[in-house]
Amino acid sequence: MSGRKTRVAVICHHELIRIGAQAVFEADYDLEVFNDSTAIVATLKTYKPDVILLCNVDNARTTIVSDLTAISGAARGIPLVLLSFYGFSRVSEFIEAGAVGYASTKHCTLAELLDIITRAMDGEIAIDGRTASSMFVSKKTPQVTLTDRETEVVAHVAKGLNNNQIAEAMFISSSTVASHLHSACMKLDVSNGSRSHVAAVAVRVGLI
């Protein structure tokens with residue numbers, strides 16, 4: 001073990017929230033704070049944090065989606081967690097735009113936020129408990145039905161596993177995994193190349 005602190009990049013234009021982030025993260029994390037998405041996008045050419053936390057508490061949904069798209073494009077695989085006030089109905093849109101974690105400012109605790117960050121770094125799509133529960137409670141009966149195997153494959157995709165890792169977990173071949181994933185993508189009307197998109201759509205329609 002190197003003992004290196006986890007590098008956390010926090011993006012927020014609110015001074016009070018930036019001060020709060022410093023109080024929470026500075027002791028145990030290697031922290032960098034940015035005022036806006038433009039600043040970090042330029043910096044990501046040389047700066048490589050372990051995780052990015054975008055705190056967006058008052059901007060319009062379209063602005064958040066634009067920021068997520070720009071940051072995730074520059075981040076090249078660095079997990080991106082969003083802290084915002086929007087309800088469950090927008091979460092899948094934010095995931096499709098590049099977030100792999102979501103925490104609601106309305107009810108997410110500090111402990112839960114730190115857990116979401118950890119899970120996002122481990123390759124999962126992580127959503128705070130109350131928001132996730134609301135998403136499932138609000139679901140209508142899905143218009144598509146995946147087989148048990150397809151559902152299991154998509155659930156593994158949502159955790160960040162690649163086809164070989166899924167094959168090992170399910171005791172099947174990687175080609176069978178690819179076949180199940182392709183079938184799920186066809187049923188969900190999702191491009192077969194977008195793994196995060198198929199996971200987000202499956203969450204949105206209540207399949208996983």
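Below, the figures for the structure above:
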read-out: Some residue of the stretch 86-105 being closer than 18 Å to ALA126 by Cα and out of contact with any helix residue (DSSP H, G or I) (no Cβ under 9 Å at 6 or more places or on another chain); value: yes
read-out: Strands (runs of 3 or more DSSP E) contained entirely in the stretch 1-113, each with at least 2 residues that are not small (Gly, Ala, Ser); value: 7-11, 30-34, 51-56, 80-84
read-out: Filter result for LYS106 (surrounded by fewer than 16 Cβ atoms within 10 Å (Cβ to Cβ) and touching a strand residue (DSSP E or B) at 6+ places or on another chain (Cβ under 6 Å)); value: no
read-out: Meets criteria (under 24 Å from ALA202 (Cβ atoms), surrounded by 16 or more Cβ atoms within 10 Å (Cβ to Cβ) and touching a Pro at 6+ places or on another chain (Cβ under 6 Å)) for VAL51; value: yes
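Let's see how each residue does on (1) within 29 Å of LEU161 (Cα to Cα); (2) buried (at least 16 other Cβ atoms within 10 Å of the Cβ):
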| site | (1), (2) |
| --- | --- |
| CYS12 | no, yes |
| GLU15 | no, no |
| PHE25 | yes, yes |
| ASP30 | yes, no |
| ILE64 | yes, yes |
| THR69 | yes, no |
| ARG76 | yes, no |
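Read-outs throughout are calculated quantities, based only on the coordinates presented, and are distinct from any laboratory measurement. No experiment lies behind these values; they were computed from the predicted model shown. Note that each Cβ is placed from the backbone with ideal geometry, even for glycine, and that neighbours are counted across all protein chains shown.
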